1. What is the spin-label model distance, in nm, from L53 to Y186 if the labels are put 7 Å beyond Cα along the C-beta direction?
2. Give the order of K2, K94 when sorted by the count of other beta carbons within 10 angstrom, beginning with the fewest.
3. Evaluate the relative contact order of the chain (contact order divided by residue number), counting alpha-carbon pairs under 8 angstrom at least 6 apart; express in whole percent.
4. From the list (i) 181; (ii) 118; (iii) 131, can you say which value of volume of the Cα convex hull per residue in Å³ was derived from the structure given?
5. Please express the shape of the range 90-199 as an equivalent ellipsoid: the semi-axes are the square roots of 5 times the eigenvalues of the C-alpha gyration tensor, given largest first in whole angstrom.
6. Taking the range 100-199, which trypsin sites (Lys or Arg not before Pro) meet the DSSP loop condition and have no more than 10 other C-beta atoms within 10 Å?
7. Pop a pseudo-label 7 angstrom from the Cα along the beta-carbon direction at both F135 and S160 and give the gap in nm to one decimal.
8. Could you grab the relative contact order for the range 1-89? Cα pairs under 8 Å, six or more apart, rounded to a whole percent.
Amino acid sequence: MKFFPVILFFITFKLMGYFPALASDWANRWFGATSPDQAPILIATLVVIPATLFQIVWVFWRHGKVEKMLWVSLVLVTTFGALTLIFHDATFIKWKPTVLYWVMAFSMGIALFFKKNAMRLILQNQLDLPEAVWFRLNLSWIGFFLVLGVLNLYVAYTFSTETWVDFKLFGVMGFMFLFAIAQGLYLSRFMKEEEDGAP
């Protein structure tokens, strides 16, 4: 469910690309005069806004609470999505992931000044690590989100919209998967050392 809006965005964009005449007709009807190459991204943007809202409703129904970052994501996708639809400019929706990643990095960084480690708050029930390791873990995720935000902009401004849509799903998921594996290897090595030194 975590990637539901992104997957739906991807599917909608691809489907509209396969049926350009239909996409152009819908886009002209809903958004006014629209060039054929703009239609898929506009329709996909229109779809991802309620999809994100549905995700929040589903999470609340299943867990009784919604993480703050999901609310932030909804605000960002609604704001940047609306600007995309109003101005017929995909640049706005392409900026949304970067802003979200940087907000996450900024929030994790600010939390450190208040002696709060975001990764420790998330994982402390599953892991028991020294403070120095928690600190490095937190910093590594801050750096990862900052780099991911820059990488998103690089793809958005260097390649086509279709390539950016592919990257938004497969590229981001791939980088997160690889980074999580790297983190797991680092933590498993440390935990092994702890076990070897345990009485």
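Bear in mind that the values in this text are calculations on the coordinates, not laboratory data. The shown structure was predicted, so the numbers you read here are calculated from the model rather than taken from an experiment. Every residue, glycine as well, gets a Cβ built from its backbone with ideal geometry; the counts of neighbours run over all protein chains shown.
1. 3.9
2. Lowest count first: K2, K94.
3. On the way: 169 pairs, mean separation 35.0, N = 199.
So the answer I get is 18 percent.
4. Computed from these coordinates, volume of the Cα convex hull per residue in Å³ corresponds to label (iii).
5. Details: eigenvalues 209, 55, 15 Å².
Equivalent-ellipsoid dimensions as semi-axes: 32, 17, 9 Å.
6. Qualifying residues, ordered by number: K115.
7. 4.9
8. Working: 83 pairs, mean separation 27.8, N = 89.
That works out to 31 percent.
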